[in-house]
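The block underneath contains the structure these notes are about, expressed in C-alpha cells.
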Amino acid sequence: GNSVTQMEGPVTLSEEAFLTINCTYTATGYPSLFWYVQYPGEGLQLLLKATKADDKGSNKGFEATYRKETTSFHLEKGSVQVSDSAVYFCALRYSSASKIIFGSGTRLSIRP
Amino acid sequence: EAGVAQSPRYKIIEKRQSVAFWCNPISGHATLYWYQQILGQGPKLLIQFQNNGVVDDSQLPKDRFSAERLKGVDSTLKIQPAKLEDSAVYLCASSLVGQGRFEETQYFGPGTRLLVL
C-alpha cells in the first residue's frame with residue numbers, strides 16, 4: 001500500500017547548522033508530496049509541496065525536491081534557527097479529493 | 001480569515017465513557033476531514049465529508065466512532081464507549097472544494113487532545 005517513511009527523531013542541531021530530514025515514499029502512480037510542520041501548541045501547517053517529478057518546493061528557507069527515481073522528498077535548510085524547532089511531517093496525496101497519508105514525524109530541536 | 005476551530009482543546013475521560021468533539025471549518029470550505037494522531041505517529045484519516053455527505057470513512061471504527069456534518073458546515077465526532085487506545089489528538093481539517101483542484105491545501109485546526117484513563 002501507499003506509505004511514507006521518514007527519519008526518526010529527535011534531531012538536535014545548533015543554530016545556523018545545515019538540516020536534512022530524509023523522507024521516502026511507496027506509492028503507485030504519481031502522488032503529490034508535502035512537508036507539514038507542527039509548532040508547539042499549534043496545528044499542522046503546510047510548509048511546502050511538489051506535485052510532479054523534479055519539482056522543487058520551497059518556503060521559509062526550506063526546500064525539497066520530488067525525486068521519482070529514488071522515491072524521495074528530503075527536506076533541507078541551509079541555516080536553521082531556534083524558531084524552526086517543531087515536528088516535521090512528510091506526506092503524500094493523490095488528488096485534492098483524497099486523504100493525506102502522513103509519515104510518523106521528525107522532531108527537530110535547535111540549540112541557540 | 002479565521003482558521004479551523006476545534007473544541008474542547010483537552011479532554012480527560014475514563015474508559016467506557018462517551019466524548020464528543022466539535023469542529024468549525026473555514027467559512028465556505030466544502031470538504032471537512034477528521035484525523036486521529038496517536039503519540040509518536042502521523043495523523044491518520046478517520047472520515048472525510050464533502051458538504052454533508054461522507055466521501056471516505058474506511059478507517060473509522062464504526063462500532064464506537066460516529067461523525068456527522070449537519071447542514072454541511074460544523075461537524076461533531078463522537079466516541080462511545082471510549083477505550084484506552086483512543087487516547088490521541090483529534091485533528092479537524094478543511095479545504096475549499098476538494099474535487100479536481102490538485103493544488104488545494106488542507107487547513108488544520110489546533111486539535112483536541114484526548115486522554116482515556
Among (1) open to solvent by 10 Å² or more (accessible area, probe 1.4 Å); (2) in contact (Cβ under 8 Å) with a residue 40 or more places away in the chain; (3) within 19 Å of B:PRO110 (Cα to Cα), the one test that A:TYR88 misses: (1)
If you go through region B:54-72 one residue at a time, do you hit one that is touching a residue at least 12 places away in the same chain (Cβ under 8 Å), of a type in the set (Ser, Thr, Tyr) and within 17 Å of B:SER7 (Cβ to Cβ)? no
Is one or more of the residues making up region A:103-112 crowded, with 17+ Cβ neighbours inside 10 Å, touching a Cys at 6+ places or on another chain (Cβ under 7 Å) and closer than 24 Å to B:ALA93 by Cα? yes
Need the failing condition index for B:LYS15 against (1) open to solvent by less than 80 Å² (accessible area, probe 1.4 Å); (2) more than 14 Å from chain A (Cβ to nearest Cβ); (3) in a loop (DSSP other than H, G, I, E, B), just the number. (1)
Let me confirm something: among B:ALA93, B:ALA88, which residue is modelled with pLDDT of 95 or more and either closer than 25 Å to A:SER32 by Cα or crowded, with 18+ Cβ neighbours inside 10 Å (or both)? B:ALA88
Keeping to region B:73-111, report how many residues are under 14 Å from the mean Cα position of the chain (by Cα) and either farther than 23 Å from B:GLY42 by Cβ or within 13 Å of another protein chain (Cβ to nearest Cβ) (or both). 17
Please go through region A:56-82 and pick out each residue that is open to solvent by 40 Å² or more (accessible area, probe 1.4 Å) and over 14 Å from the mean Cα position of the chain (by Cα). A:LYS68, A:GLU69, A:THR70, A:GLY78, A:SER79, A:GLN81, A:VAL82
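The values are calculated or read from the model by the stated rules, or taken from the named source; none is laboratory data. From a predicted model like this one, the values you see are computed outputs, not experimental measurements. Virtual Cβ from ideal backbone geometry, glycine too; neighbours counted across all protein chains shown. Protein only, heavy atoms only, side chains kept; ligands, DNA and RNA dropped before computing areas. Shrake-Rupley method; radii C 1.70, N 1.55, O 1.52, S 1.80 Å.
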